[in-house]
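No value in this document is a laboratory result; all are computed from the given coordinates. These figures come from a predicted structure and were not determined experimentally. Note that we place each Cβ from the backbone using ideal geometry, even for glycine, and neighbour counts take in every protein chain shown.
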Amino acid sequence: MQNEARFIGVSHPRQAARRHVAGRGRYTDDIVAAHVAHIAFLRSPYAHARCVTINCEAAGVAPGVIAVFRGCDIAGVSRPWTTRLERMPSHHSAPQPALVADETCWQGEAVVAVVAETRAQAEDAIELIEATWEELPAVESIAAALIDGAPPVHTALKSNVALDHTIAEGDVDAAFAQAQTVVSHSFAFGRQTGVSLEPRSILAEFDARSGILTVHQSHQVPFQMREIYAEQLGLSAENVRVIAPDVGGAFGLKLHAYADEMAVVAIARTLGRPVKFVADRLESFISDAHAREVDVDGRIALDADGRITALEIDVIGGFGAYSCYPRSSVGEVLQAVQLAGAPYHIGALRGRIRGVYQNKVPTGAYRGVGQPIACAVTEQLIDLAARAAGLDPAALRARNFRASPASPSKTEGGVVIETLSLQECLSALCRHMDYDALRREQASLRKRGIWRGIGLSAFIEITGVGPGLYGPQGVKVSAYEGCRLSLQRGGKVRCATSVTDQGQGTIDGLAQVIAEELGIVPTDIHMVAGDTGQTPYGGGAWASRGIALGGEAALRASRALRGQILSIAGALLQADAADLSLRGAAVIGKTGAAHMSLAELADIVRFRSDTIPLQEIPPLEAFEQFVPLALPYLATNGIQAALVEVDPGLGTVRVLRFWVADDCGRIINPQLVDEQIRGGVVQGIGAALFEQCIYQNGQLVNGSLADYQLPLASEMPDIDVLHVSTPTRETLLGARGVGEAGVVGSLGAMWTAVNDALTPSGARVTRQPFTPEHILDQIAAAKP
Amino acid sequence: MDNSSAAEPACVEAGAITEIAFTLNGAAARAQIAPRQHMVDVLRQVFGLTGTHLGCEHGVCGACHILVDGHVVRGCLMLAIQANGAEVVTIEGLNASGAIADLQEAFVRRNALQCGFCTPGMLMTAHALLQRDCAPQRAHIRETISGNICRCTGYHAIVDAIEATARERREARDAK
C-alpha cells in the first residue's frame, strides 16, 4: 500500500467550495419552479391569546392573491400533531396545529397563510387581514411557569411542568457531609437561537396525477421529513420526495418539523400548484427553534486530597410553547445532567432534570444540545473548588480526570465511555499555550490593575449517536447511515450517501475515504446526497455523525466494491485477486505494473461481459450501511482554554487567545476538522458574551440582526487547534464526530476565564451572556 | 411639516412600474421594476443572478454585498431604482472577470467558507479591502469584514485567506 496517493489525513480542498466562491451555490430559494406561488404568514402578535375573529375578505381579493388559508381551512388536510416520547409518558405536549385555529401560545406562531403570485403581494395582503384577539395570561420566565396556580401555557395542558426527573448514582449526601471542600454556584444560561444565515426555506410541489409530493427544503434530515409529510398528508412515504439542496447553515435548528412548513406542504397538496416559503429574518427570530434557556444550581465536593467525591446539579429548562416536533425539547436538560462531571471520577452524582412550558418560541436542538451546559457547570464548579482548596485549576483537573477504561464503562451520569485521552489533551494544551508562563504573566499584570483570566474547560462529548436515543421513544429518526457506490463508465465512481452536508465538508470527507480505498482521486467521485429519491435511507446530519458513521459506511462500501472490481480483474487477468490492488484508477499487479484501467474494466463489464470467465459477474455496485450497535454512540473528549481580559471600569471582555486540544479519533481531513472546531468555538464565545433572546411581556424585543448580537470578526480571536488521535475501536475507520466539539467546550472556557479574571474583585458572573451591565453589577455587589 | 407643500419625488409615483437602465456585470441591462423593489430582488428575480444572497434584508449581515460604481453596497438597502445609470457588479460578474481568481482560490485552499451563504458578500468586502490596502494587518482585516456575518467559520480562516492573498499579490508585484 506504500507509494499510493493518500487522501485520508490530507487537507484536500472541498469541491463544493469552488461553486460557492463563484456565486454558484444552489440554495432552496435559488430553485425555480414553473408556475410557483409564494406564501407569507400572518403571525400571532400575542404571547397567549384566543383568536376571536379573522376577516380575510379584503386579503382574499387583493392583487395577485390566489388563496388564503386559516387554521380551520388547513386542519382537515394536516391535523394537529403531538410530540410524544414513549419512554417518558409524563412528558406531554399540547397538540400543535399547522396554523392557529383558536388559541395561540407564542408571539410568532403562524395564524393565516396567504398565497400570491409574488411574495410582496402575499405580504401586502397580510396587511389587509383584520384579526381580533382576546389576550390570555402569558407565562414568560421559568420561575413564573413553576408558580403554583400559574396560568397554563396552553389550555390543553394540565400543568406547565413538562418534565421532572431525577437521576442518582452513589451516596451523594454522605459525600457532601464528609467533604473537605464544598462549593456551589448558580448559573443562568440565556435563551439563544441558531441564526443560520440562510433562513428556513421550502418549495413544495404536488402532482395530483402521480400523487407525488416533491419538497425542496433547507433541512438536515430529509428522510425524517419524508416520514412526517407522508403521515401528515396521508400519502405513502414512497410518494414523498424530500430534497435538501445547498443549505446555508443549520446548526440543529433545521432538524425540526415547523408548523409553518407543515402548512406549506399542506397548501401545495390542496392547491395543486408549487408554493414557496422563505422565512424573512424577522420571522426567523420568532419562529426558528430557540435553545439553551436553562437555570442551574450546582455544587461539588472535594476530599482533603483534592479528589472530587460528589456532584449535585439541578437543571430546569424553558421549553417554550410546545415540545419541538418530532424530537422533543427534552434533550437540552437531559444532556446537561447526563454529561455533568463526565470527564472526572466524581464518585457520586445526583441530578434533577426539569422542563417547563412557556409562552415563547419552542426550544429545540442547537449545536451541542445540553453538552455545553454540562461542561460549563462542571468546569466552573471545578475552578471554584480549586480556588477554595488552594490548588491550581489545571492540577486539580489532572488529578481527577477519568482514566481511559480497559473496556467500555459507564460514567456516574450513565454516559458510555470507550477510550479517553483527557490527560494527553491537557498536557498538549498546557505545553502549547505555555500555561505556567501565562499564570505568571497574569499575576504580574494583576499588580498593575490588569485583570486577565485563564479558563480551562474539559469535556466528554457524545458523537455518532446510534438507534438507542430515538428508536425506543417511538420517534422515527433514523440513526442508520448508508452508502451506495457504483463504478461508472470512464472509471469514475458514483456515491449516494444518506449523510447530508450543510457546509461541514462531510461529503468531501467521504469522497476522500472512498478515493483512498479505490485508488482514485476525490474529484473522480460523483457525490449524491440530500435527496430521498436518490440516496440510501439514513439519518442525515445530527449528533456529529457524518464522518463517524457515514464515513464507516463509505469505507465498507468501498471495500465491497473493490472486492468486486478485483474479482473481475482477477478473472480477466488470470490472476489471484489477492495479488491485485487499485491505484491510479487502474488495477495493479504483483509487480506494481498497471494491467487495466478502471475505465477499461467498467466498459468490459458493460459491453463485453462475454469475455469475463466468471459464473456470475458482480454488479460493480456495492451498498453498505453502518450503525453503532456495540456502543450507543462514539464518545470523545477534549479540552479548551481561553485567555480573556476584563475591563473593570467598563465591564467589557476581550478574548485575547483561544486554544483547543481535541480527540476526534482518526482524522480524514485535518483542515475541515480544525474549521469545524473553530466555528463551534466562536458560537460558544458568542453565547458567552453576546447572544440572547430578550423577552418583555411575552414579546421578543431584540428579534433582528441589528439587535440580536452575533459574534463579528473584530471581536473574535485567532484559535489554535491541536489534536490527540485515539481511533475508536467500534469502527474500521476509527473516526469520531467533531462537529459540535468546539461549542461543547468553549462556553465553559469562557465562564471559567471571565470568573478567573474577576478574582481580584471577588465577583463572579452568574448569568450568560456576560454583558458589561452584568459584570459591573457583580463587581459592585462584591464590594465590601 | 405640511405634507401637501412638500416637494414630490421627481420621477415616480407609488406602485408605478418604471424602467431602469444600467450596466450589469459589464453589459447594458434594462428592467421593469416597482419603485419599492430593492436591488437584490431585481438581481435575483429578474436577472436570475442568485449568487447575491439575502440573509437579513435589513442591512446587517452583508450577504447581499454588490459593487455599485466601484463601491461595496448593501444590495438589500438599495432600491433598484437607484441603480438607474449605475454600474453594478455581482459575484457572477466578478467571478467571470477573473479579477478575484486568486482570492477565490485562497478561500477554497484555506476552507474559508463552510455553508457558503455569506461567501459572495464576504468576497466583495475582501476585494474592496485588498484594492485599498496591499498589506492589511490581521486586526484591520477583522475590522473591515465586521460588516459581514459568517455563522460557520469563526472568521479565522477568512482572515487567513485574505492575508495570504495580499501577501501573494505583493510577492507577485515584487517579482516583476
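Only aspartates and glutamates eight or more places from residue A:590 in sequence, or on another chain, were considered; those with a Cα closer than 15 Å are A:4, A:576, A:579.
Using θ = phi - 60° in the Karplus curve 6.51 cos²θ - 1.76 cosθ + 1.60, the 3J(HN,Hα) couplings for region B:104-111 round to 4, 5, 5, 4, 5, 4, 8, 6 Hz; x is entered for Gly and Pro. The local environment of residue B:175, defined by Cβ-Cβ distances under 12 Å, has a net charge of +1 under the rule Lys, Arg +1 and Asp, Glu -1. On average, how many beta carbons from a partner chain sit within 10 Å of the beta carbon of a residue in B:103-112? Shielding by partners across B:103-112 averages 5.
Put a dot 7 Å past the Cα of residue A:614, heading toward its Cβ, do the same for residue A:696, and the two dots end up 7.3 nm apart. Using Cβ point charges alone (K and R +1, D and E -1), the dipole size of region A:239-347 about the Cα centre works out to roughly 740 debye.
How many percent of the alpha carbon pairs in the protein assembly as shown exceed a separation of 49 Å? Of all Cα-Cα distances in the protein assembly as shown, 23 percent exceed 49 Å. This model, with +1 at the C-beta of Lys and Arg and -1 at the C-beta of Asp and Glu, gives chain A a dipole about its Cα centre of some 1120 debye. The per residue volume of the convex hull around the alpha-carbon atoms of region A:172-228 is 179 Å³.
A Cβ-based charge dipole, computed about the Cα centre of region A:613-685 with Lys and Arg at +1 and Asp and Glu at -1, lands at about 340 debye.
Ordering A:679, A:243, A:83 by Cα displacement along the dipole of the protein assembly as shown toward the positive end leaves A:679 in first place; charges were set at the Cβ atoms of Lys, Arg (+1) and Asp, Glu (-1). Within the same chain, aspartates and glutamates fewer than 8 places from residue A:476 are excluded, and of the rest, those with a Cα less than 18 Å from its Cα are A:86, A:227, A:231, A:238, A:531. Shown in residue order for region A:181-192 are the 3J(HN,Hα) couplings computed by the Karplus curve 6.51 cos²θ - 1.76 cosθ + 1.60 at θ = phi - 60°: 10, 10, 10, 9, 7, 10, 9, 10, 8, x, 6, 10 Hz (x for Gly and Pro). Ignoring solvent entirely, what values of log10 I(q)/I(0) come out of the Debye formula for region A:698-739 at 0.13, 0.18, 0.22 Å⁻¹ when each Cα is a single scatterer? Normalising to I(0) and taking log10 leaves -0.63, -0.73, -0.85. The phi torsions of region A:397-413, fed into the Karplus equation with coefficients 6.51, -1.76 and 1.60 and a -60° offset, translate into couplings of 5, 4, 5, 10, 4, 5, 7, 5, x, 5, 9, x, 9, 9, 7, 4, x Hz, rounded to whole numbers, with Gly and Pro shown as x. Charge tally for residue A:425 (other residues, Cβ to Cβ under 9 Å; Lys, Arg +1; Asp, Glu -1): -3. When each of the peptides B:56-63, A:11-18, A:610-617 is scored by how many other beta carbons lie within 10 Å of its residues on average, the order from highest to lowest is B:56-63, A:11-18, A:610-617. Taking the DSSP beta bridges with both ends in the protein assembly as shown, the antiparallel portion is around 80 percent.
Taking amide hydrogens as placed 1.01 Å from N in the peptide plane, the amide H of residue A:131 sits under 5 Å from those of A:55, each at least 5 positions away in sequence or on another chain. On average, how many beta carbons from a partner chain sit within 10 Å of the beta carbon of a residue in B:158-164? Average per residue, whole number: 1. Per-residue shielding of A:706-714, expressed as the average number of other chain Cβ atoms within 10 Å of the residue Cβ, stands at 6. Amide hydrogen proximity for residue A:310: with H placed 1.01 Å from N in the peptide plane, the residues at 5 or more positions away or on another chain lying under 5 Å are A:301, A:348. A simple spin-label model places pseudo-atoms 7 Å from Cα toward Cβ; at residue A:207 and residue B:140 they are separated by 5.8 nm.
Answer rounded, prolate or oblate for region A:328-462, using the Cα gyration tensor with square roots of eigenvalues a ≥ b ≥ c: rounded when a/c is under 1.5, else prolate when a/b is larger than b/c, else oblate. Oblate.
Choose one answer from B:29, B:139, B:21: the residue with the largest mean-square fluctuation in a GNM of chain B with alpha-carbon springs under 10 Å. Highest fluctuation of the listed residues: B:139. Tell me which lysines have Cα within less than 25 Å of residue A:447's Cα, excluding those fewer than 8 residues away on the same chain? Leaving aside lysines fewer than 8 places away in the same chain, those within reach of residue A:447 are A:783. Building the convex hull from the alpha-carbon atoms of region A:479-637 and averaging its projection over directions returns 10.6 nm². The residues neighbouring residue A:226, those whose beta-carbon lies less than 14 Å from its own, together hold a net charge of -3 under the Lys/Arg +1, Asp/Glu -1 convention.
Equivalent-ellipsoid semi-axes for region A:560-689 (Cα gyration tensor, √(5λ), whole Å, largest first): 55, 16, 13.
Take the Cα of residue A:773, step 7 Å toward its Cβ, do the same at residue A:307, and the gap between the two points is 4.7 nm.
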